[in-house]
Number of protein chains: 2
Amino acid sequence: MPNLVMLENPMPGRLEALRRDLGPNWTIIATSPQADRAQLTAALAAADVVIGFEIDRSLPPMPRLKLLHITGAGYDQVDQSLLPPGCTFCNVYEHEIGIAEYVLAGMLEWMVGLRAMDRQIRRGDWLGSFYKPAFHGELSGKTLGIVGFGHIGREVARRARAFDMRIGAITRTPGPSELLDWAAPMAELDARLPECDFLLLCCPLDAATRGLVDRRRLALMKRSAVLINVARGEVADEDALYEALRDKVIAGAILDVWYVYPSRTDREPLPAHRPFHELGNVIMSPHASGCTDMLLDRRWMVITENLKRFAAGQELRNVVLRK
Amino acid sequence: MPNLVMLENPMPGRLEALRRDLGPNWTIIATSPQADRAQLTAALAAADVVIGFEIDRSLPPMPRLKLLHITGAGYDQVDQSLLPPGCTFCNVYEHEIGIAEYVLAGMLEWMVGLRAMDRQIRRGDWLGSFYKPAFHGELSGKTLGIVGFGHIGREVARRARAFDMRIGAITRTPGPSELLDWAAPMAELDARLPECDFLLLCCPLDAATRGLVDRRRLALMKRSAVLINVARGEVADEDALYEALRDKVIAGAILDVWYVYPSRTDREPLPAHRPFHELGNVIMSPHASGCTDMLLDRRWMVITENLKRFAAGQELRNVVLRK
């Protein structure tokens, strides 16, 4: 009879589906970090399994916890020191399809410029055609450097390859891949930067990657280069990136991850301390690259399967850590 | 000593490059259909080779013509009855890379909606993220029907396959292809329409394809379907398409080819008789999908090579017709 505590407020219908899928042997309590403190403390004291996203010192203790399952991939918001001995910590992916499509959408928009063409032809301006010649670029033949070659990097590489791009990966564990023209260790990042037309950040945020793209490295990139960040904002230093874009040290950026996020006190903040929103050479999105209509179904299918495996004492998928 | 008449005004430097590449054995006269009539008549009377784009009855006779080489792929503007016996007619492709990238850019923009996200997050609106949930679609798993499976269709299919789309071709010459899930003859178009999420028109314009997409066929498509036209405007009936988009008979369109083009009297016309420019569910571009910075180099490389083959009496590439 595992006790499951849901710390995250799931989409409508999801909790009912989970109760149905897991059956009557599970006790499921839906609460939240903002719930009544005594209730939250009691629930977590008895929890065998917690499903959540932000796991930090503001939460009451979870002394019996055997499985922490987060509902996303990135775990920079999880304080792993809070997990008791014997606890397993799992994450979930399934966002790599959406994010890979977003990355290709961004690179293609950068090269083709549909947005500007659409605006112009709606007023009878044929700029970009043979009637008013201006030539846009091709993705074909361009070099894509991928920093962090995990689930997302692989799905991006597979699609980019069909466009005849040259593709390299900068990764902690470089190895040959049929998707890649080259793979290099992190120590070779500086040497590889000058050849990249697009630099994609899709690595975890940790001590080694925080501020990885700084002023010095931005200056090593091509002036025509475009930085794409779908990792975490802080992988690129905010001031350095803003100033490099403003001053055309690099040509542009495609940014889905940010430096300021909505909070209880400000639900509609601008996404950075610096005015990225004033820049014309940035394609901006609200940490939405993976938010597709198929994502949650795929994620909850994996999470539910993992919960069943946990109950049956079987091997779990997507294990981040075993304590 | 072939006489070559250039009827098209090429980009700066191109004529000089051609003179250099072909060498002193060729006589090259650059003129245009709008040139002094006596001069044009004399040039064409002596022409062994003509390079042009619009070849119609307004031109003086070309009795000695042995090779007509157009500088594009579509030849609906060439009156082939004007070519004398013994004349060979060639076209040139090389736009399929740019057009395939455009088609994928359009489909991805349709699914991801970068344009709207960018506009919203610049004012602090996080719609589309987990902070303000709204889910965009995935290209993965969608069905793409390709009408006309030539150079463009193949390059689109190769890229779309990397996105795990289901891909079919409707073509006059259906045959198996590793790029396709199915291939069907034109007679099966109606039966295939209801399964397509995207319908791509990339066939030639001729008597069989003019008005191919009419009111009846638009009504056979999914209400969520998107029509993509990179062929010629007239392959889709203008009134029927406009009304289907306005009335949401289909969800949207990505249109690069049109019903009205710039002319000497109106250099900045709206691209249709009907107000497509007022529709929010259309991505519009000014017949620019293939206009990339690499296109002309590739095309003139092929044309120059063909002219050398012609002079050497060798087999020509891209022969449309031998009279």
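Each residue of segment B:178-191 is assigned a 3J(HN,Hα), and the resulting list reads 5, 7, 10, 7, 7, 9, 9, x, 3, 5, 9, 3, 4, 5 Hz, derived from the Karplus form 6.51 cos²θ - 1.76 cosθ + 1.60 (θ = phi - 60°), x at Gly and Pro.
Exposed loop positions in chain A were taken to be GluC sites (Glu not before Pro) whose DSSP state is not H, G, I, E or B and which have at most 15 other beta-carbon atoms within 10 angstrom. Between these positions, the longest stretch is A:179-314.
Positive contributions from Lys and Arg (+1) and negative ones from Asp and Glu (-1), summed over other residues with Cβ under 15 Å from the Cβ of residue B:194, come out at +3. Cα-Cα pairs above 20 Å in segment B:10-87: how many percent? Looking at segment B:10-87, the distances longer than 20 Å represent 33 percent of pairs. Taking Cβ atoms as reference points and 13 Å as the exclusive limit, the residues near residue A:172 contribute a net charge of -2, counting Lys and Arg as +1 and Asp and Glu as -1.
When chain A is treated as a Gaussian network with alpha carbon springs shorter than 10 Å, the biggest mean-square fluctuation among A:50, A:260, A:226 belongs to A:260. Under the shape rule built on the C-alpha gyration tensor, where the axes satisfy a ≥ b ≥ c, segment A:96-284 is oblate, since a/c reaches at least 1.5 while a/b does not exceed b/c.
Among the trypsin sites (Lys or Arg not before Pro) within segment A:33-136, those in coil by DSSP and having at most 15 neighbouring Cβ atoms inside 10 Å are A:57, A:64, A:123.
Place +1 on the Cβ of every Lys and Arg and -1 on the Cβ of every Asp and Glu in the protein assembly as shown, take the dipole about the Cα centre, and give the residue among A:121, A:263, B:300 whose Cα lies farthest towards its positive end. Going by the charge dipole, the pick is B:300. Please list, in chain and number order, the residues 5+ apart from residue A:183 or on another chain whose amide H is under 5 Å from its amide H, with Hs placed from the backbone. Counting only residues 5 or more places away or on other chains, the set is A:169.
The magnitude of the dipole of segment B:1-72, with charges of +1 and -1 set on the Cβ of Lys/Arg and Asp/Glu and taken from the Cα centre, is near 140 debye.
Tell me which chymotrypsin sites (Phe, Trp or Tyr not before Pro) from segment B:48-116 have a DSSP coil assignment and no more than 16 other beta carbons within 10 Å of their own.
When the chymotrypsin sites (Phe, Trp or Tyr not before Pro) of segment B:48-116 are filtered for loop state and at most 16 Cβ neighbours within 10 Å, B:53 remain.
Relative to the compact-globule estimate of 2.2 N^0.38 Å, the Cα radius of gyration of chain A comes out at 1.13.
What the Cβ-Cβ distance of residue B:37 and residue A:190 gives, at R0 = 60 Å and to the nearest 0.05, is a FRET efficiency of 0.40. Convex hull of alpha carbon positions in the protein assembly as shown: directionally averaged projected area 33.0 nm².
Is there a pair in A:66/B:132; B:66/B:308; B:142/B:222; A:248/B:132; B:132/B:248 whose C-alpha atoms are over 22 Å apart, and which pairs would that be?
A:66/B:132; A:248/B:132; B:132/B:248
Where both residues lie in chain A, what percent of DSSP beta bridges are antiparallel, nearest 5? Given both bridge residues lie in chain A, the antiparallel proportion sits at roughly 5 percent. Between A:254, A:165, B:6, the Cα set farthest toward the positive side of the dipole of the protein assembly as shown (charges on each charged residue's Cβ, about the Cα centre) is that of A:165. So what's the gap between the Cα centers of segment A:211-232 and segment B:54-95, to the nearest angstrom? Measuring centre to centre over Cα atoms gives 50 Å. Between identical copies, the spacing of residue A:32 label points, each set 7 Å from Cα toward the C-beta atom, reads 6.7 nm from nearest to farthest. Which of A:39, A:310, A:291 sits farthest toward the positive end of the charge dipole of chain A, with +1 on the Cβ of Lys and Arg and -1 on the Cβ of Asp and Glu? Result: A:310, furthest along the dipole toward the positive end. For residue A:322, the point set 7 Å out from Cα toward Cβ sits 7.2 nm from its twins in the other copies, listed from shortest up.
When Lys and Arg each count +1 and Asp and Glu each count -1, what net charge do the other residues less than 14 Å away from residue B:263, Cβ to Cβ, add up to?
0
Between copies, residue B:275 shows label-point distances of 3.5 nm, shortest first, with the point placed 7 angstrom from Cα along Cα to C-beta. Site pair residue B:208 and residue A:321 shows an inter-label distance of 6.5 nm when each label is modelled 7 Å from Cα along Cα→Cβ.
With respect to the axis relating copies A and B by rotation, the chain A residue whose beta carbon is closest, plus that distance in Å, is A:162, 2. Counted over the protein assembly as shown, the DSSP beta bridges are approximately 5% antiparallel. About its Cα centre, the dipole of the protein assembly as shown is roughly 300 debye, where the only charges are +1 on Lys and Arg Cβ and -1 on Asp and Glu Cβ. Only helices reaching 20 angstrom along their own axis (Cα) with mean Kyte-Doolittle hydropathy no lower than 0.5 count here, and for the DSSP H runs of chain B these are B:96-112. In segment B:192-323, the DSSP beta bridges split such that about 0 percent are antiparallel, to the nearest 5. Under the convention that each Lys and Arg Cβ holds +1 and each Asp and Glu Cβ holds -1, the size of the dipole of chain A around its Cα centre is about 200 debye.
Readers should treat all values here as calculations from the given coordinates under stated rules, not as data from a laboratory. Since the model is a prediction, treat every value here as computed from it, not as a measurement. Quick reminder, even Gly has a Cβ in these numbers, built from the backbone with ideal geometry, and neighbours come from all protein chains shown.
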